[in-house]
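A short worksheet on the structure shown next.
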Ligand code: BGC
């Protein structure tokens, strides 16, 4: 399963609350295609989201295997939660169904976990948060992932969760200024809790950050969500 250069090509897919994105990576995780995006269908039930992935895949040329970042808890390829998509995802065997549809091996992990795998240095305590429709989080110790850390649904302040305070709905309702002030408080609170060496902030709304960030806080580009796809096959 190699191309003419002897390299395995991985289709990396990021399912988000507002967009489904895809690109092909070479064996080192370097992009081989432009990142393509389609709007997440609404209602975002499994069948229509899988159709959207198939459309993206067909436009990406050859690939040998597929990595998917999913916005919910994922265990052994099965999606267990999907608060920003649809309840039909609870207990859905995404890895098997997509594998049958694309006729390729498929691995699935949480979207923030995948983003983190593409962003971290692999040393010390590294925390990743993603700011998009939802609030994603991923924790790594010396490069080893603590999977499915759902910080977004934990209480942050004023009886609201991180996602309620910092998700896209809150950004749209309260505006960038207030959202940035909240984010500053969240960063301070997370530093105290995790004493991380680095915090990485990604996701589609990270471009709205307008703060003087501490030196150990780094913004990561939108493409990072897909670059982590290669790490799913590292065993
Ligand atoms: C989900 C997480 C996901 C995050 C970002 C949250 O609502 O529970 O699993 O990582 O949104 O998509």
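Within the range 97-109, is there a residue that is touching a residue at least 40 places away in the same chain (Cβ under 8 Å) and within 13 Å of the ligand (Cβ to nearest atom)? Yes: the range 97-109 contains one or more residues that are touching a residue at least 40 places away in the same chain (Cβ under 8 Å) and within 13 Å of the ligand (Cβ to nearest atom). Of the residues 82, 95, the single one that is in the same structural domain as residue 22 (by TED's automatic domain parsing) and in contact with a helix residue (DSSP H, G or I) (Cβ under 7 Å, 6 or more places away or on another chain) is 82.
If only one of 152, 118 is buried (at least 22 other Cβ atoms within 10 Å of the Cβ), assigned to a helix (DSSP H, G or I) and either assigned by TED's automatic domain parsing to the domain that holds residue 29 or away from the ligand (no atom under 11 Å from the Cβ) (or both), which one is it? Give the derivation first.
Working: 152 fails: either assigned by TED's automatic domain parsing to the domain that holds residue 29 or away from the ligand (no atom under 11 Å from the Cβ) (or both).
From the options 152, 118, the qualifying one is 118.
Residue-level check: of (1) in contact (Cβ under 8 Å) with a residue 40 or more places away in the chain; (2) part of a loop (DSSP other than H, G, I, E, B), residue 206 misses just (2). Please work out if residue 102 is under 23 Å from residue 226 (Cβ atoms) and not assigned by TED's automatic domain parsing to the domain that holds residue 17. No. Inside the range 121-149, can you point out the residues that are within 11 Å of the ligand (Cβ to nearest atom) and within 16 Å of residue 220 (Cα to Cα)? Scanning the range 121-149 gives 128, 129, 130, 131, 132, 135, 136, 137, 138.
Scanning the range 155-168 for residues that are part of a strand (DSSP E or B), more than 19 Å from residue 81 (Cα to Cα) and either in contact (Cβ under 8 Å) with a residue 24 or more places away in the chain or touching a helix residue (DSSP H, G or I) at 6+ places or on another chain (Cβ under 8 Å) (or both) turns up 156, 157.
The values are calculated or read from the model by the stated rules, or taken from the named source; none is laboratory data. Here the structure is a predicted model, which is why all the values come from computation and not from measurement. As a convention, Cβ positions derive from the backbone with ideal geometry for all residues, glycine included, and neighbour counts pool all protein chains shown.
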